Amino acid sequence: MTLQGHHLIGFQSLAGPAGISAINPASGETLDPQYPMAGQAEAERACRLAEDAFPAYRRLPPTERAAFLEAMADNIDALGDTLTERAIAETGLPRARLEGERGRTCGQLRLFAEVLRRGDYLDIRIDNALPDRQPMPRSALTQRQVPMGPVAVFGASNFPLAFSVAGGDTAAALAAGCPVIVKAHSAHPGTSELVGRAIQQAAQTCEMPEGVFSLLYGSGVELGQALVKDPRIQAVGFTGSRSGGTALLRSAQARPQPIPVYAEMSSINPVLLLPQQLEAKAETLADAFVGSLTMGAGQFCTNPGLILALSGAALERFVEQAGHSVRDADPQVMLTPGIHAAYEQGVARLGEQAGVTRVAQGKTSDGLACACQPHLYRTTAATFLDDASLHDEVFGACALIVECDSPEQMQQVLAGLEGQLTATVHLEDADHELAERLLPLLERRAGRLLFNGWPTGVEVCHSMVHGGPWPSTSDSRTTSVGSAAIQRFLRPVCYQDMPEALAPDSLKADNPLGLNRQVDGKR
Ligand code: NAP
């Protein structure tokens, strides 16, 4: 497939004045073609089409939406090496990582197809009428979930496939019955176009209403804000910086009709090494930690950026071994010159902080552009508690070890943390008593709790929660990964005494869809 450098608006492919070029972060080379910059006019056109498509799209039987999602996955798979090679050139990510990410992206689309066919997501509730109830009769009441309306999705820089054009938010919104307009991330426009065309083609083959999907290129401040402020947009999905997410949230709240913004922003993902496990496995834990820290140059929202442990000989063994592993770690290309510059500033800032010592840094790069040299620092809990800036994410392969004097001080550090996507506990049986004390705090702070594992790597399944309290996300009640993500683009509607002839199939008395429904409080 030849890249054209066009916006995809509904079934159209539209040129515009050029403004965006991808840059190969490994070589600094500018990649063809140039991409146009959308503004108000393109946003208006895509929003109008999305709004026009919504009534027909939301009414489609879920099985037809399922077939559309599967056709998207098939088309993305069929892009083969063309997609992988363009994504390598635009992001510097290794082939194996991108192939895995494609598998995950298509897997997520197919998982939502299954969810649609099963129908549980509609969460049907039926309370039959109680005409003889005293002192008041009860009406017949039913409830189902309906799609919210057109959704704007911002592609993320660090997952050019799984959190981008056909990523989790797009898949969840389309599954829910919401048309989607994607603002492509300017770092990977060619990858975005390839995936966008695969979706556009699937929409045409499956005879979806035009406007169910559009893909626009442009700046966040102009195009991104125009989309979020458009009255037809009913929800927003975003992954990126805290400043970007916060700006979108403010714009969404300032609208005459405020709308939800599901923004995933920053997380340092604390890892607790409990004493008995640390004593037994300090060196093994250190090697595994550095493997997780340096994976993908640390450009994961779930990167383990904070280690908490009690002071003592076992912690010193861990620090020594982790230091060796970090010093042995090769530099890796970061996604963009901007992300690389922010990383360099972040590690330099940490290094200058009073009370913080550098344990180790990775190998220097030999002329590799945008190279991430891993960094490991340590400090005491007292310093960490005193200095809020030490809680900030340094996006990349950088972590801070915080040494606690006592279990109580560890609790204090946890209580002072911001919201997190994940929290990890390394423990053995003899640590359970301490773990029990820490668990309620961890549940308040994080969306996913891991035991004896590492937070990088997010399974796409039914029970996954990839979300958490502010600022890891702007709304801790939902997830951006896994089948539960469909709920963020649905809302409940209750019907009171609705004539049977008007009831949708999901609510009809004889249950023609064979759904698992809750009737009078029972399943
Ligand atoms: P970003 O700067 O937040 O950009 C993400 C998207 O949001 C881009 O499309 C951007 O548009 C748009 N945007 C940014 N500010 C906006 C605003 N005020 N109004 C409307 N749209 C706006 O994130 P990034 O480019 O991916 O990376 C920058 C930093 O974000 C990284 O260094 C890292 O600190 C953080 N980050 C964190 C995670 C995580 O998962 N925790 C993931 C990725 C990045 P433009 O095209 O105009 O830039």
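Worth pointing out:
- Protection proxy ranking of 267-276, 23-32 - average other beta-carbon atoms within 10 Å, highest first: 267-276, 23-32
- Dividing the C-alpha radius of gyration of the stretch 332-377 by 2.2 N^0.38 Å, with N its residue count, gives 1.18.
- The stretch 270-451, accessible surface, carbon-and-sulfur percent (1.4 angstrom probe): 49 percent
- Cross-link partners of residue 508 among lysines, defined as those whose alpha carbon lies under 30 angstrom from its own and excluding same-chain residues fewer than eight positions apart: 522.
- Cβ-based net charge around residue 234, under 12 Å, with every Lys or Arg adding one and every Asp or Glu removing one: +3
- Sequentially through the stretch 343-353, phi angles give Karplus couplings (6.51, -1.76, 1.60; θ = phi - 60°) of 5, 4, 5, x, 6, 5, 4, 4, x, 8, 6 Hz, Gly and Pro residues having no value and appearing as x.
- Surrounding net charge for residue 184, when Lys and Arg each add one and Asp and Glu each subtract one, Cβ distance under 15 Å: -2
- Probe 1.4 Å - accessible area at residue 114, Å² to nearest ten: 100 Å²
- Here the label points at residue 2 and residue 342, each 7 Å from Cα along the C-beta direction, are separated by 3.6 nm in the simple model.
- Mean-position separation - Cα centroids, the stretch 438-499 and the stretch 260-315, in angstrom: 21 Å
- In terms of its Cα atoms, the stretch 480-523 spans 37, 20, 19 Å along the principal axes, sorted from long to short.
- 0 to 90° range, to nearest 10: angle between helix 62-78 axis and the chain longest Cα axis: 50 degrees
- Sequence-ordered 3J(HN,Hα) estimates for the stretch 467-484 from the Karplus curve with 6.51, -1.76 and 1.60 and θ = phi - 60° stand at x, x, x, 3, x, 4, 9, 8, 8, 6, 7, 9, 10, 9, 10, x, 5, 5 Hz, glycine and proline given as x.
- Averaging the Cα positions of each part gives two centres, and for the stretch 81-119 and the stretch 43-76 these lie 20 Å apart.
- Ranking 121, 170, 199 by how far each Cα lies toward the positive end of the dipole of the stretch 100-213 (charges on Cβ) leaves 121 at the top.
- Residues of type lysines that residue 183 reaches as a straight line, Cα spacing below 22 Å, ignoring anything fewer than 8 places off in the same chain: 229
- Residues whose amide H lies under 5 Å from that of residue 332, counting only those 5 or more places away or on a different chain, are 372; hydrogens are built 1.01 Å from N in the peptide plane.
- Applying 1/(1 + (r/R0)^6) with r as the Cβ-Cβ distance of residue 204 and residue 313 and R0 = 56 angstrom yields a FRET efficiency of 0.30.
- Ratio of Rg to Rh over the stretch 270-451 (Cα coordinates, Kirkwood Rh, two decimals): 0.95
- Sorting the Cα pairs of the chain by distance into bins of 10 Å, from 0 upward, gives 4, 18, 26, 24, 16, 9, 2, 0, 0 percent per bin.
The values are calculated or read from the model by the stated rules, or taken from the named source; none is laboratory data. This one's a predicted model, so the numbers in the text were calculated from it and none came from an experiment. All Cβ positions, glycine included, derive from the backbone under ideal geometry; neighbour counts span all protein chains shown. Heavy atoms of the whole protein, side chains included, go into the accessibility calculation; ligands, DNA and RNA do not. Shrake-Rupley method; radii C 1.70, N 1.55, O 1.52, S 1.80 Å.
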